[in-house]
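Undergrad: Below is one structure. I have some questions about it.
Derivation of every value follows stated rules applied to the coordinates shown; laboratory data play no part. What you see is a predicted model; the values in this text were computed from it and never measured. Every residue, glycine as well, gets a Cβ built from its backbone with ideal geometry; the counts of neighbours run over all protein chains shown.
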Amino acid sequence: MATTSNPTKIDAAKISATKFNDVRNAIDRLSSDARTADQLMEGITELLNEQMLKYNWVGFYMLEAGANPPMLVLGHYRGAMTPHVRIPLNQGICGAAASSGKTVVVDDVHKDARYLACSLETKSEIVVPVFAGGNVVGELDIDSHFPAAFGAEDRKLVEYCAQLVGKHLERA
Ligand code: SME
């Protein structure tokens with residue numbers, strides 16, 4: 001039996017690597033073209049939601065200035081409307097990411113007691129804090145209709161986006 005590889009076989013891993021690379025390049029272009037962090041956040045939500053098939057809801061929550069107790073407030077987003085426009089730090093996966101300053105990846109939201117339901121279709125979620133001047137100032141939240149949608153490459157991409165926003169905020 002011939003052992004040569006089938007030239008028509010689709011190399012899914014290669015296509016996926018190219019996709020991450022293309023999206024990262026597009027994010028870099030957005031970041032250098034954006035005049036403000038707000039513009040960059042809007043562009044990121046649009047690009048990730050359109051280009052990444054499993055990123056069904058993409059949005060930023062930002063910490064309200066001077067609020068006591070601290071409050072996450074919904075900013076730019078793409079996807080279905082959410083009832084969670086304001087989230088205290090002791091609630092939700094969003095609150096957990098902002099209060100710990102750590103990325104939270106949840107493969108099955110229905111098994112996570114912290115989860116605040118946004119859409120019945122959501123199966124998995126990633127929330128990445130945005131830092132500026134060493135402090136958490138907000139976060140990038142992505143929901144997927146697919147279970148365990150966020151692997152290591154997704155995490156790197158979303159953390160990269162959050163870092164770029166943080167850098168823009170520091171410059172403002
Ligand atoms: N699921 C989030 C709430 C925000 S919606 O996903 C848009 C949470 O558990 O904090």
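Undergrad: Between Ala113 and Asp33, what is the label-point separation in nm under the 7 Å Cα-to-beta-carbon projection?
TA: 4.7 nm
Undergrad: Another question about this same structure. Using the Cα centre of the chain as the reference point, and only Cβ charges (+1 on K/R, -1 on D/E), how large is the resulting charge dipole? Debye, rounded to the nearest 20.
TA: Details: 17 positive and 21 negative charges, 52 e Å.
Dipole about the Cα centre, nearest 20: 260 debye.
Undergrad: When the Karplus curve 6.51 cos²θ - 1.76 cosθ + 1.60 is applied with θ = phi - 60°, which whole-Hz ³J(HN,Hα) does each residue of region 151-165 get, with x for Gly and Pro?
TA: x, 4, 5, 5, 4, 4, 5, 5, 5, 5, 4, 4, 5, 4, 5
Undergrad: Compute the normalised compactness of region 35-91: alpha-carbon radius of gyration over 2.2 N^0.38 Å, N being the residue count.
TA: 1.23
Undergrad: What percent of all Cα-Cα pairs in region 60-169 falls into each 10 Å bin, going from 0 up to the bin containing the maximum distance?
TA: For region 60-169, the pair-distance distribution reads 15, 50, 31, 4.
Undergrad: Alpha carbon centre of region 118-132 versus region 49-109: separation in Å?
TA: When both Cα centres are located, 6 Å separates them.
Undergrad: Only Lys, Arg, Asp and Glu count, each charged at its Cβ (+1, +1, -1, -1), so figure out the dipole size of region 1-91 about its Cα centre, rounded to 20 debye. Don't skip to the answer; put the middle values down first.
TA: Working: 9 positive and 9 negative charges, 64 e Å.
In debye, rounded to 20, region 1-91 gives about 300.
Undergrad: Still on this structure, I have one more. Counting only Cα atoms, I'd like the Rg/Rh figure for region 1-138, Kirkwood definition for Rh.
TA: 1.07
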